[in-house]
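The values are calculated or read from the model by the stated rules, or taken from the named source; none is laboratory data. Just so you know, these numbers come straight off a predicted model, no measurement behind them. Cβ placement follows ideal geometry from the backbone for every residue including glycine, while neighbour counts extend to all protein chains displayed.
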Amino acid sequence: MSTGKDDKLEQLLIHGNTVLKMFLEGNVEARRGMQQSLLQLIEDITRESQAYYRKDWLAEAHRLYAFMQELGKQLTLTNIEAKGWTGMGKVFAKMKRYETAIDNLLMALSLVQELGDRNEERNIAYIIGLAYEAKESYNKAIEYFQKCLVIDRELNDPVGEAAILCRIAKCYQLMGQYNEALTSLQQALKITRETGSREGEGAIITMIKAVNKEMAQR
């Protein structure tokens, strides 16, 4: 099974490098004729890298994301280059190599900011926040979660806003800053009640009770 997986990866990378080389060396007319091949290649690389990542085949996923980053860079497709950096960041985060993960994700973040893609900026900032949270750098995690909060409000996404407020509250709780945690949770509760999510409301009330209990035990 492993051999089949490796063979498929090598074939895809060989094909990808061949298509990229032909495109870069071709004239304008040749490049125009290769547009469909390039789009198919990007689709294949995206699909397979995500599949490897989900299966925790991280070395293979990293190779594909690295190729995606280089492909985007060579073709000046900034969105594809950013996806490559993001994927590599996610792989390193799964490996618990958080500093390297953050470095890659910051590269992706700068690219999507250039593009003005606020949705993707929010997604990458969230992953960076998770990486900082995992390495117990809670203030840095909050800094990036706050960036998500700004974008959620800008995009009028109350569900995302409430979820981020809960994430921020968790960081405050882990730092023992219970009043700040409760403030964030109360804001999330208000938003959740306004959206009519009874399940979400119940979950936040449970979190509030847990913070109050922990605070009382200190």
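Tell me whether the range 130-152 contains one or more residues that are buried (at least 19 other Cβ atoms within 10 Å of the Cβ) and within 24 Å of residue 67 (Cα to Cα).
Yes, that holds for at least one residue.
Kindly provide the set of residues from the range 171-190 that are in a helix (DSSP H, G or I), surrounded by fewer than 20 Cβ atoms within 10 Å (Cβ to Cβ) and not acidic (Asp, Glu), ordered by number.
174, 178, 179, 182, 183, 186, 187, 190
State whether the residues of the range 186-201 include one that is in the same structural domain as residue 125 (by TED's automatic domain parsing) and at positive phi.
Yes.
All but one of (1) touching a residue at least 24 places away in the same chain (Cβ under 8 Å); (2) more than 27 Å from the chain's Cα centre (by Cα) hold for residue 196; state the number of the condition that does not hold.
(1)
Listed here are the residues, each with its yes/no results for (1) over 18 Å from residue 75 (Cβ atoms); (2) of a type outside the set (A, V, I, L, M); (3) more than 29 Å from the chain's Cα centre (by Cα); (4) in the same structural domain as residue 63 (by TED's automatic domain parsing).
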| site | (1), (2), (3), (4) |
| --- | --- |
| 15 | no, yes, no, yes |
| 20 | no, no, no, yes |
| 26 | no, yes, yes, yes |
| 32 | no, yes, yes, yes |
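Name the single residue that is farthest from residue 110 (Cα to Cα) among those in the range 45-78 being outside any helix (DSSP H, G or I) and among the hydrophobic types (A, V, I, L, M, F, W, C).
Step by step, filter the range 45-78, then rank; the result is 57.
Going by the conditions given, is residue 79 among the polar types (S, T, N, Q) and out of contact with any Gly (no Cβ under 8 Å at 6 or more places or on another chain)?
No, not satisfied.
Residue 47 is checked against (1) charged (D, E, K, R); (2) surrounded by fewer than 20 Cβ atoms within 10 Å (Cβ to Cβ); (3) under 19 Å from residue 117 (Cβ atoms) and fails just one. What number does that condition carry?
Looking at each condition in turn, residue 47 falls short on (3).
On the basis of being modelled with pLDDT under 95 and surrounded by fewer than 20 Cβ atoms within 10 Å (Cβ to Cβ), does residue 36 make the cut?
yes
Check residue 81 against each of (1) over 30 Å from residue 14 (Cα atoms); (2) touching a residue at least 24 places away in the same chain (Cβ under 8 Å) and name the one condition it does not meet.
In the conditions (1) over 30 Å from residue 14 (Cα atoms); (2) touching a residue at least 24 places away in the same chain (Cβ under 8 Å), residue 81 misses (1) alone.
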